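Scroll down for the structure; my scribbles are underneath it.
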Amino acid sequence: GRATSLRGVLQLCEEITGHRMGVRVNPAFLRSDEVRSLHGDDRRLLGIIGEWSTPPLHETLGWMLESGG
């Protein structure tokens with residue numbers, strides 16, 4: 001229900017793990033016409049499956065990092 005930047009996701013992972021990540025950008029993968037912000041609308045999906053309680057991103061990332069996968 002809310003867009004989150006990749007930088008925000010990395011910061012959450014650092015908070016959860018207590019480790020700092022070194023992130024480097026490979027200029028070969030940068031494009032001048034890259035979409036700056038991309039997010040979706042879940043109304044159609046919710047119309048099909050009904051109300052859905054999405055866990056907070058921090059909780060989801062914690063689960064993913066704990067599982068090692």
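The values are calculated or read from the model by the stated rules, or taken from the named source; none is laboratory data. Bear in mind the structure is a predicted one, so any value in this text is a computation, not a measurement. No Cβ is skipped: glycine too gets one built from the backbone with ideal geometry, and neighbour counts run over all protein chains shown. All accessible areas refer to the heavy atoms of the entire protein, side chains included, with ligands and DNA or RNA removed. Shrake-Rupley method; radii C 1.70, N 1.55, O 1.52, S 1.80 Å.
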Can you pull out the helices (runs of 4 or more DSSP H) entirely within the chain that have at least 3 residues that are surrounded by fewer than 10 Cβ atoms within 10 Å (Cβ to Cβ)?
43-49
Pairs, first closer than 24 Å to LEU6 by Cα and at pLDDT 90 or above in region 32-59, second assigned to a loop (DSSP other than H, G, I, E, B) and open to solvent by less than 80 Å² (accessible area, probe 1.4 Å), C-beta under 7 Å, six or more apart:
LEU57/THR4
